[in-house]
1. Could you pull out the pairs from Lys2/Lys31; Lys14/Lys338; Lys5/Lys330; Lys31/Lys254; Lys5/Lys280; Lys31/Lys338 whose alpha carbons sit more than 27 Å apart here?
2. Averaged over every viewing direction, what's the projected area of the C-alpha convex hull for segment 2-93? Give it in nm², one decimal, please.
3. Relative contact order for segment 2-93: what percent, with Cα pairs under 8 Å and sequence separation of 6 or more?
4. Can you give the Rg to Rh ratio of segment 244-338, both from alpha-carbon atoms, with Rh computed by the Kirkwood formula?
5. Determine the gain in length on full extension of the stretch Asp282-His301; use 0.36 nm per residue of separation and subtract their C-alpha separation, reporting nm with one decimal.
6. For Ala337 and Asp27 in one chain, what is 0.36 nm times their gap in residues minus the Cα-Cα distance, to one decimal in nm?
7. Under the definition of Cα pairs under 8 Å and six or more residues apart, what whole-number percent is the relative contact order of segment 244-338?
8. Please turn the phi angles of segment 27-42 into ³J(HN,Hα) values with the Karplus equation 6.51 cos²θ - 1.76 cosθ + 1.60 (θ = phi - 60°), one per residue in order, whole Hz, x for glycine and proline.
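Just so you know, all these numbers are worked out from the coordinates, no wet-lab data involved. All figures in this text were calculated on a predicted structure; none of them were measured in a lab.
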Amino acid sequence: MKGYKAFEPDWTCKGFQYEVGKTYRTDREIKCCVWGFHFSEQLVNCFHYYAFDLQNRIAEVDAIGKIDRLDDVCCTDAIRIVRELSWEEVLKLVNCGVNNTGLRNCGDENSGYWNTGSRNSGSHNSGFDNYGDYNSGYSNFGDCNTGNHNSGSCNSGGYNFGNLNTGDCNSGRWNSGSYNSGNKNTNSQNTGDFNSGCYNTGNWNSGKFNSGDYNSGDWNYGDRNVGVFNTISPTINMFDAPSDWTWGRWYNSKARLIMQSAPTDYVIWVDSSDMSENEKQDHPEYKATGGYLRHVNDSIHRQEWWDMLSNNDKNTVMSLPNFDADKFEKCTGIRIAK
C-alpha cells in the first residue's frame with residue numbers, strides 16, 4: 001500500500017531512525033498507536049500528528065507487510081521509505097483549490113479576501129486555516145494562525161516569523177512569551193531555546209541573563225549553575241558520589257546514548273472505538289473524552305534489553321565513575337550478572 005509519513009528534521013520518528021531507500025521490519029504484533037511503523041494513506045492526515053513545519057521531512061512510503069488501520073492513520077510491520085517529497089509537492093497534494101466564497105481566493109472554503117490557500121476566515125492569507133489577516137508562512141504557505149501578520153504557522157499572537165507561538169514578535173517556535181528568537185520559551189526576549197526565564201542567550205534556563213545552558217540562577221556564563229555569576233560548569237555526582245564529569249560530558253557520552261535506548265513506560269491515547277469492554281468499565285470518563293490514556297509498561301523488558309547488549313556496550317556503562325551494581329539495579333531495574 002502506498003502512503004505518506006512525516007519525520008523530524010533528522011529523519012527520526014518517535015526516536016526511531018529512518019533513512020530514505022531502506023526497508024524496516026518488526027516481528028512484534030502491530031496495533032495503531034501502540035506498535036508498528038505508522039503512516040497515513042492521505043498526506044494531509046500526517047499533519048494531525050506532526051506540525052506543518054518546513055523543518056520536518058515528508059516521504060512517500062510503501063507498506064509491504066500486514067496493516068492495521070484507524071480513521072486517519074495506519075501501521076504496518078514492514079515499511080519501505082521510497083523517496084522524500086519536496087514541500088512544493090506537499091503543498092500541491094494537500095491543497096485542492098476549489099469552492100471559494102471570498103474574492104480572488106485560489107484555495108478551498110475561504111470566507112475572507114485575497115486568500116491563495118484554503119479554509120481562511122481572515123484576509124490576504126496565502127496559507128490555510130488562518131483566522132487572522134496577512135498570514136503567509138513557509139515560502140508564503142502558513143497555517144492555523146489566529147493572530148495577524150504571521151509568516152509562520154499556528155500562531156495565536158502577532159508578527160511571528162516562527163510557528164506555534166502564543167506571544168508576539170517571535171522568530172522561533174512554540175514560544176508563549178514575546179520577542180524570542182529561539183524555540184519553546186515561556187518568557188520573553190530569549191535567543192536560546194526552552195527558557196522559562198528572561199534575557200537568556202543559552203538554552204533551558206529558568207533564571208535570567210544566562211549565556212550558558214540549564215542554569216537556574218542569574219548572570220551565569222557556564223552551564224548547570226544554580227547560583228549567580230558563575231563562569232565554569234560544576235561537576236556532577238554519579239552513584240551518590242562526586243565525580244570529575246560535568247553534565248555536558250555525560251550528555252554527550254556513549255554511555256548515555258546506550259541507556260537512552262532502554263525500554264521505558266509510556267502512555268498512548270486509545271479511542272473509544274478501540275476500547276475493550278473492561279477498559280470502558282475501568283475508565284467511564286471515556287464517554288465524555290472519547291477515549292482514555294493507556295499506560296504501557298515497557299520497562300519490564302529492560303533486563304532483556306540489557307542482556308542482549310554487546311559486551312562492549314555493557315562495559316561502556318559499567319566503566320562510568322563510581323559504578324555501583326546495586327544502585328544501578330535500584331535506578332533501572334537491571335541486575336548485573338555476577
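1. Result: Lys14/Lys338; Lys5/Lys330; Lys31/Lys254; Lys5/Lys280; Lys31/Lys338 exceed 27 Å.
2. 5.3
3. Relative contact order of segment 2-93: 38 percent.
4. The Rg/Rh ratio comes out at 1.17.
5. 4.3 nm
6. Here the segment from Ala337 to Asp27 would lengthen by 108.8 nm.
7. Averaging sequence separation for qualifying contacts and normalising by length gives 29 percent for segment 244-338.
8. Per residue, the Karplus-derived 3J(HN,Hα) values read 9, 6, 5, 8, 7, 3, 6, 10, 7, x, 8, 8, 7, 10, 5, 9 Hz.
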